[in-house]
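Contents: one structure, followed by commentary.
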Amino acid sequence: MTIDPLWYKDAIIYQLHVKTFADSDGDGIGDFKGLTGRLDYIRDLGVDCLWLLPMYPSPFRDDGYDIADYCAIHPSYGTLEDFREFLEAAHARGLKVITELVLNHTSDQHQWFREARRSRDDPRRDWYVWSDTDDKYAGVRIIFVDTERSNWTWDPVSRQYYWHRFFSHQPDLNYDNPAVREEIWRVMEFWLNLGVDGFRVDAVPYLIEREGTSCENLPETHDVLKFLRRRLNESYSGRMLLAEANQWPEEVRHYFGDADEFHMAFHFPLMPRMFMALRLEDRKPLVDIVERTPPIPESCQWGVFLRNHDELTLEMVTDVERDYMYDEYASDPAARINVGIRRRLAPLLEGDRKRIELMNGLLMSMPGSPVIYYGDEIGMGDNIYLGDRNGVRTPMQWNGGWNAGFSTADPERLAQPLISNPLYGYQSVNVDAQRRFDHSLLSWMTRLIKVRRSTRVFSRGSITFLYPANHRVLAFLRTLDREQVLVVCNLSGTAQAVELDLRALAGALPIEMFGRSVFPRIGELPYMLTLGPHHFFWFRLRRV
Amino acid sequence: VTVSQPSLLSDDLVRALMAVGQVDVLVGVPTLNHASTIQPIVRAVSEAFVRYFPRERTLLLNCDGGSTDDTPAMVRGATADASTVTMHHRLRTEHRITAPYHGLPGKGSALRQILTVADLTQAKAVAVLDADVTTLTPEWIAALVRPVRSQHYDYVAPIYARHPADGLLVTQLVRPVVRAAYGFRVGEPLAAEFGCSAKFLGHCLEQDVWDSDWAQYGIDLWITSTALAGGFACCQAPLGPRQAVTPDRPGFPEIFRQIVTATWCLEQHTAFWVRRAGSEPLPVVGAPIGTMAEAPVQDGARLLRSFCSDLRNLEDVLSPIVGPETLQGLRAIAAREDAPRFPDSLWVRTVYEFLIAHHRGVMRREHIAQALVPLYLGRVGSFLTEYGSAPPTEIDAALESLGLEFERSKPLLTDHWVPTGER
């Protein structure tokens with residue numbers, strides 16, 4: 001079977017944490033054998049790519065993003081052999097697998113750092129960024145403002161400060177050192193040779209530091225990324241690099257380069273604006289940000305998402321927008337962390353099925369490859385009182401039985417406590433229950449994904465907004481060659497009427513894509529539609 | 001609410017309102033040939049929406065009386081200052097509608113359309129602005145709307161930063177009459193700008209006044225007096241200096257307008273005001289904006305001379321309107337060659353007797369109003385002669401004294417006022 005090298009452009013990605021997805025050995029921690037046993041579920045959902053959160057040995061002070069060994073599997077998750085078997089089983093089901101590549105920093109427990117801090121003369125010393133004072137790179141913003149006061153931390157062992165953009169236990173690697181670049185490439189090679197289909201590359205803007213700059217998005221950082229991409233292209237085909245760069249679209253655009261850096265990058269500013277548009281009942285924020293997004297090379301793709309394992313980040317919004325988002329979506333201060341909101345999709349939308357459907361409909365029709373965060377397809381809840389972002393990383397709810405079907409361990413032993421409240425608890429929100437009914441959220445999501453995958457117009461087509469006078473209605477055309485889809489969404493909680501100027505499409509017959517109902521032919525007059533609260537239409541436009 | 005009347009909201013306007021949906025803040029601007037002044041006003045409203053109401057659903061509604069100078073196009077074409085757009089990010093879609101109003105020509109019809117649209121769109125707060133104003137800033141809109149949005153007031157009257165010797169038609173006639181009759185001290189009862197709540201505008205729309213001729217020229221005072229008489233929560237908001245391209249002209253048309261309006265309002269609200277005694281101030285919400293304007297240059301002596309010479313020709317007209325005591329007092333003033341003075345007590349008596357005469361219709365009403373003009377000019381001339389160069393505090397004290405005199409003499413009005421239904 002030939003593999004489309006641009007497969008990621010059509011992918012629907014399912015993001016999960018091995019630790020909390022399925023536990024096969026009853027130790028309370030998810031593992032690769034457990035995940036392998038649930039691959040049919042993932043395939044049946046209709047997604048075609050898995051993104052695994054960090055699965056490496058780690059002291060787990062940042063949920064695995066503090067990596068202590070890049071070329072091994074955390075023992076709690078199984079062995080390398082378990083991983084190989086999982087990968088083979090995933091590929092057998094047509095599922096690609098991408099893993100985390102944390103480039104910017106290691107754990108302070110990584111052997112490299114242990115050696116580096118032994119003495120100032122150690123050969124590893126220059127693998128990290130050191131200084132005698134903590135005033136270098138003054139003014140560089142602190143990312144984890146809730147926990148860190150400086151980007152420098154004093155190392156009492158070697159009596160110098162070390163640089164870290166994230167937690168103080170995560171020292172930044174020194175990418176000015178060619179040996180570090182080479183070693184990171186060897187790490188990538190290791191996993192590529194095992195068969196992984198790509199990497200979600202963590203925290204890419206911060207690789208290089210320069211005095212007098214923000215130490216973000218520097219040209220030298222792009223040089224590092226081009227180096228890694230060049231190496232990838234030289235030896236591997238059909239693999240993909242996905243950038244996590246929480247920046248404005250015009251900044252992120254640079255990470256695609258001339259199609260010589262990343263294949264994909266997340267569109268961070270789009271995400272909060274989808275939520276904002278919904279609450280404001282006004283398409284403006286969403287249209288503004290999409291129109292502000294520059295074109296990207298033909299072989300590249302945006303990654304779009306509603307929620308993920310982190311907080312709903314509000315870094316890429318204005319102060320007015322941030323205040324609005326906090327007030328509307330995080331009135332409980334416990335829901336706020338860093339510069340964002342630690343909540344899952346369903347609780348953010350107050351469990352409102354119509355709004356959950358609309359937001360997923362938006363996600364699936366925006367330009368880019370959508371990412372679904374595990375559990376959101378069944379409307380899982382969260383626990384904002386668990387600390388850090390653990391509240392959105394609770395065990396997958398498979399059924400209403402013992403530990404939600406996640407593990408046979410004693411409940412007290414679970415890696416994370418289950419969601420058990422009456423609204424979102426596993427007794428009421430779980431896969432087995434939702435599999436039984438065609439009208440469940442899970443069944444609806446499966447249909448949505450199927451319809452999305454019925455055409456490439458959503459994944460590869462252009463987008464053209466319509467501007468009906470009714471601002472509560474978002475309408476746009478997706479076009480790929482001769483194929484066109486008209487999307488009309490009512491962002492409001494009340495029924496809306498809208499008149500669309502579709503004269504340019506006169507003669508086309510709109511066919512509603514979920515029920516395949518034929519709507520009146522488009523003519524020269526304004527095309528009148530009425531939409532129920534938070535309802536949306538996808539029309540395939542046919543010329544019959 | 002008569003929104004279903006086809007003549008009130010055109011199909012085009014209804015279609016535009018369907019797109020707007022519900023709003024939180026509606027700003028209405030009636031216009032008629034205001035091309036020279038409308039764009040700064042639209043820009044100020046637009047900036048106010050961005051700066052002060054970034055989260056609210058807003059609508060600027062321009063009701064035009066058939067301008068021939070492209071005023072509606074100017075409304076549509078006005079763009080916000082680029083620096084404001086940069087500094088203050090707009091969360092929502094901005095809506096701006098310009099629509100012709102139908103029915104009787106005049107401000108009443110325009111205001112009725114504004115309030116009807118506000119009712120239809122369920123606006124939580126409304127501000128109405130005068131398109132004549134040249135000193136309007138975004139802060140005006142904030143000042144008129146915020147007391148409604150955040151403090152639940154139903155009616156917000158403006159306070160202009162004007163010199164106490166300015167606006168004599170208000171300070172000598174309308175303000176003290178409203179104070180004495182309605183029992184509330186309102187600085188600007190005649191203001192064209194005001195803010196109001198959904199509750200108050202709903203009440204206004206229910207009143208059977210909109211099809212009358214009076215509503216077309218006396219709606220400003222009616223709005224104020226209706227808020228006071230209706231028991232609505234009223235306050236005042238400082239706006240700053242007010243200048244308009246069409247300044248108040250204390251001539252016959254304006255006097256006619258006010259005497260007719262005052263009578264009309266008093267007739268509408270008789271049951272409320274005849275029982276009131278004394279007065280209380282309306283609360284002031286918000287900090288002062290801008291500095292007090294300069295004292296206007298006015299020739300009081302000339303106005304007094306004019307009064308003295310005109311009075312002789314008016315005596316036949318005046319005798320059915322004012323009582324003998326009043327007429328005698330007026331004659332005495334006119335007879336004085338050195339420094340004639342029109343005292344407060346005589347002015348109060350004169351005004352009350354004119355109101356009663358007008359109310360009773362002792363002669364053609366326009367003749368009654370016309371007769372008041374020279375007397376008003378005499379009173380104003382006297383006041384300016386006495387206080388024209390006095391410091392503002394002294395003028396304020398004199399105006400307060402006049403207000404108290406109107407209160408004390410209120411029985412002159414109530415004792416002779418016959419409820420409308422009993423005439």
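The values are calculated or read from the model by the stated rules, or taken from the named source; none is laboratory data. Computed from a prediction, not measured in an experiment: that's the story for all the values here. Virtual Cβ from ideal backbone geometry, glycine too; neighbours counted across all protein chains shown.
Are any of the residues in the range B:99-118 within 14 Å of chain A (Cβ to nearest Cβ) and within 20 Å of residue B:59 (Cβ to Cβ)? Yes, the conditions are met somewhere in the range B:99-118. The condition of being surrounded by 21 or more Cβ atoms within 10 Å (Cβ to Cβ), in contact with a helix residue (DSSP H, G or I) (Cβ under 8 Å, 6 or more places away or on another chain) and within 15 Å of residue B:184 (Cβ to Cβ) does not hold for residue B:215.
Of the residues B:54, B:40, the single one that is more than 24 Å from residue B:12 (Cα to Cα), modelled with pLDDT of 90 or more and within 14 Å of another protein chain (Cβ to nearest Cβ) is B:54. When the range A:278-322 is examined, which residues are found to be touching a Lys or Arg at 6+ places or on another chain (Cβ under 7 Å), assigned to a loop (DSSP other than H, G, I, E, B) and at pLDDT 95 or above? Of everything in the range A:278-322, those that are touching a Lys or Arg at 6+ places or on another chain (Cβ under 7 Å), assigned to a loop (DSSP other than H, G, I, E, B) and at pLDDT 95 or above turn out to be A:281, A:282, A:294, A:296, A:307. Which condition number does residue A:35 fail, the rest of (1) surrounded by fewer than 21 Cβ atoms within 10 Å (Cβ to Cβ); (2) out of contact with any His (no Cβ under 7 Å at 6 or more places or on another chain) being met? Every listed condition holds for residue A:35 apart from (1).
For every residue, the table says whether it meets (1) touching a residue at least 60 places away in the same chain (Cβ under 8 Å); (2) surrounded by fewer than 13 Cβ atoms within 10 Å (Cβ to Cβ); (3) of a type in the set (A, V, I, L, M); (4) assigned to a loop (DSSP other than H, G, I, E, B).
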| site | (1), (2), (3), (4) |
| --- | --- |
| B:340 | no, no, no, yes |
| B:346 | no, no, yes, no |
| B:359 | yes, no, no, no |
| B:368 | yes, no, yes, no |
| B:398 | no, no, yes, no |
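Could you check, for the range B:171-188, whether at least one of its residues is within 21 Å of residue B:115 (Cβ to Cβ), of a type outside the set (D, E, K, R) and in a loop (DSSP other than H, G, I, E, B)? The answer is yes, given that some residue of the range B:171-188 is within 21 Å of residue B:115 (Cβ to Cβ), of a type outside the set (D, E, K, R) and in a loop (DSSP other than H, G, I, E, B). Scanning the range A:245-260 for residues that are closer than 26 Å to residue A:189 by Cβ and modelled with pLDDT under 95 yields a count of 1. Criterion applied to A:253, A:283, A:307 was being more than 30 Å from residue B:58 (Cα to Cα), surrounded by 19 or more Cβ atoms within 10 Å (Cβ to Cβ) and among the basic types (Lys, Arg), and the one residue passing it is A:307.
Of all the residues in the range A:284-313, those that are more than 27 Å from residue A:475 (Cβ to Cβ) and aliphatic (A, V, I, L, M) number 0. Please report, ordered by residue number, the strands (runs of 3 or more DSSP E) entirely within the range A:422-501 with at least 2 residues that are aliphatic (A, V, I, L, M) and away from chain B (no Cβ under 14 Å). In the range A:422-501, the matching strands (runs of 3 or more DSSP E) lie at A:473-480, A:483-490. Residue B:135 meets all of the listed conditions (1) farther than 20 Å from residue B:195 by Cβ; (2) of a type outside the set (Lys, Arg); (3) surrounded by fewer than 19 Cβ atoms within 10 Å (Cβ to Cβ) but one, namely (1).
The number of residues in the range A:189-232 being closer than 24 Å to residue A:13 by Cβ, among the charged types (D, E, K, R) and without any contact (Cβ under 8 Å) to a residue 40 or more places away in the chain comes to 1. Taking the conditions (1) farther than 30 Å from residue A:297 by Cα; (2) more than 14 Å from chain B (Cβ to nearest Cβ); (3) surrounded by 21 or more Cβ atoms within 10 Å (Cβ to Cβ) in turn, residue A:361 satisfies each one other than (1). For the range A:344-390, the set of residues classified as of a type in the set (Lys, Arg), in a loop (DSSP other than H, G, I, E, B) and over 14 Å from the mean Cα position of the chain (by Cα) consists of A:389 only. Among the residues of the range B:28-41, at least one is in contact (Cβ under 8 Å) with a residue 24 or more places away in the chain, in a helix (DSSP H, G or I), within 22 Å of the chain's Cα centre (by Cα) and surrounded by 24 or more Cβ atoms within 10 Å (Cβ to Cβ). Listed conditions (1) acidic (Asp, Glu); (2) crowded, with 16+ Cβ neighbours inside 10 Å; (3) assigned to a loop (DSSP other than H, G, I, E, B) are all met by residue A:122, apart from (2). Of all residues in the range A:71-118, those that are touching a residue at least 60 places away in the same chain (Cβ under 8 Å), among the charged types (D, E, K, R) and assigned to a helix (DSSP H, G or I) total 2. The criterion of at least 3 residues that are under 26 Å from residue A:124 (Cβ atoms) is met, among strands (runs of 3 or more DSSP E) falling completely within the range A:174-277, by A:198-202. Within the range A:5-41, the set of residues being within 16 Å of residue A:452 (Cβ to Cβ) and not in a loop (DSSP other than H, G, I, E, B) comprises A:7, A:8, A:9, A:13, A:14.
Scanning the range A:434-476 for residues that are among the aliphatic types (A, V, I, L, M) and closer than 22 Å to residue A:348 by Cα yields A:441, A:442, A:445, A:448, A:449, A:473, A:474.
Screening the candidates A:283, A:307, A:292 for the property of being more than 10 Å from chain B (Cβ to nearest Cβ), of a type outside the set (A, V, I, L, M, F, W, C) and in contact with a Leu (Cβ under 6 Å, 6 or more places away or on another chain) yields one hit, A:307.
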